[in-house]
């Protein structure tokens, strides 16, 4: 059972670099904001809460599709970790 869970865990890790994290957060915020404004306008125009919720749900789905998978464009810049230096200790 634990092998199955470990396999699922490996598939659910979406590594992104830092500039891509900032970009995806911006995409998510803009998509949800535009979707909320559009949903409110359509909901008010049609006097329908159902239309409001459907349009906002679609905008959430679009944001999830655009942001959640680790597309190759989001993983271009690999992180360069600093290599530890060995300090030499001299005895007097």
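The values are calculated or read from the model by the stated rules, or taken from the named source; none is laboratory data. What you see is a predicted model, and the numbers here were worked out from it, not measured in a lab. Please note: Cβ atoms are built from the backbone with ideal geometry, for glycine as well, and neighbour counts cover all protein chains shown.
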* **Residues within the range 50-76 that are modelled with pLDDT under 95 and more than 20 Å from residue 12 (Cα to Cα), tallied** => 0
* **Subset of the range 47-92 (residues that are free of Cβ contacts under 8 Å to residues at least 12 places away in the same chain, in a loop (DSSP other than H, G, I, E, B) and surrounded by 10 or more Cβ atoms within 10 Å (Cβ to Cβ))** => 48, 71
